[in-house]
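Readers should treat all values here as calculations from the given coordinates under stated rules, not as data from a laboratory. These numbers come from a predicted model, not from an experiment. Counting neighbours? That spans all protein chains shown, and the Cβs are built from the backbone with ideal geometry, glycine included.
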Amino acid sequence: MTKKVFQRNTKQREVILSVLREADCHPTADWIYQEVRKTMPNVSLGTIYRNLKALTEAGLALELSYGSTYSRFDGNPETHYHFVCEDCGKVVDLEIDVAKELEEKVAKGIGAKVHDHRLEFYGVCSECLQKESKVN
Ligand code: ZN
Ligand code: MN
């Protein structure tokens, strides 16, 4: 790789990571692509995917996959929880600090060492609930 290509790749990765960190919506690759294009019009969707994969593998971002729908990405790689609205698809961060307690409980329960865990909450968000009650 030439120095110029290497620098361009580094710059792309920095822009993608900062777009991801500033977004609080847990965006899809396509959303990130549209944002990054505002400052780098020549970037391709393939480049976005490649960099998101690299960032995830480097532990700087999280990929949240929800089965059949598109993966969402999170610029916060620390263990934290999400609430997923089954109506509008919104993914929000939860401010509950039980991570350590849960892991200790599980570790103690089965006599193992726990490194990490995932926990997702599904339901209907307050905005969708309000809309529903207006319709009915
Ligand atoms: Zn909703
Ligand atoms: Mn999150």
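For (1) closer than 28 Å to Leu52 by Cα; (2) within 13 Å of ligand 2 (Cβ to nearest atom); (3) not charged (D, E, K, R), each residue gets a yes or a no:
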| residue | (1), (2), (3) |
| --- | --- |
| Pro77 | yes, yes, yes |
| Val84 | yes, yes, yes |
| Gly89 | yes, no, yes |
| Leu94 | yes, yes, yes |
| Val98 | no, no, yes |
| Glu101 | no, no, no |
| His115 | yes, no, yes |
| Tyr122 | yes, no, yes |
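Yes/no per residue for (1) in contact (Cβ under 8 Å) with a residue 40 or more places away in the chain; (2) in a helix (DSSP H, G or I):
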site: Asp30; (1), (2): yes, yes
site: Tyr33; (1), (2): no, yes
site: Gly46; (1), (2): no, yes
site: Gly67; (1), (2): no, no
site: Tyr70; (1), (2): yes, no
Just to check your reading of the model, which residue among Arg21, Arg72, Arg13, Arg50 is in contact with a Gly (Cβ under 6 Å, 6 or more places away or on another chain) and not aliphatic (A, V, I, L, M)?
Arg21
I'd like to know if the range 45-62 contains one or more residues that are within 16 Å of ligand 1 (Cβ to nearest atom) and either under 18 Å from Ala29 (Cα atoms) or surrounded by fewer than 13 Cβ atoms within 10 Å (Cβ to Cβ) (or both).
no
Residue ID - nearest to ligand 1 (Cβ to nearest atom), chosen from residues in the range 113-129 that are surrounded by 10 or more Cβ atoms within 10 Å (Cβ to Cβ) and over 20 Å from Thr69 (Cβ atoms)
Leu129
The range 122-135 residues that are closer than 16 Å to Gly89 by Cα and in a helix (DSSP H, G or I), paired with ones that are within 16 Å of ligand 2 (Cβ to nearest atom) and of a type outside the set (Val, Ile, Thr) (beta carbon under 6 Å, 6 or more apart)
Cys128/Cys85
Quick test of your reading of the structure: Tyr70 fulfils all but one of (1) under 28 Å from Arg13 (Cβ atoms); (2) of a type outside the set (Val, Ile, Thr); (3) exposed (fewer than 12 other Cβ atoms within 10 Å of the Cβ). Name the failing condition by number.
(3)
I'd like to know if the range 100-108 contains one or more residues that are in contact with a His (Cβ under 8 Å, 6 or more places away or on another chain) and either within 15 Å of ligand 1 (Cβ to nearest atom) or touching a residue at least 60 places away in the same chain (Cβ under 8 Å) (or both).
no
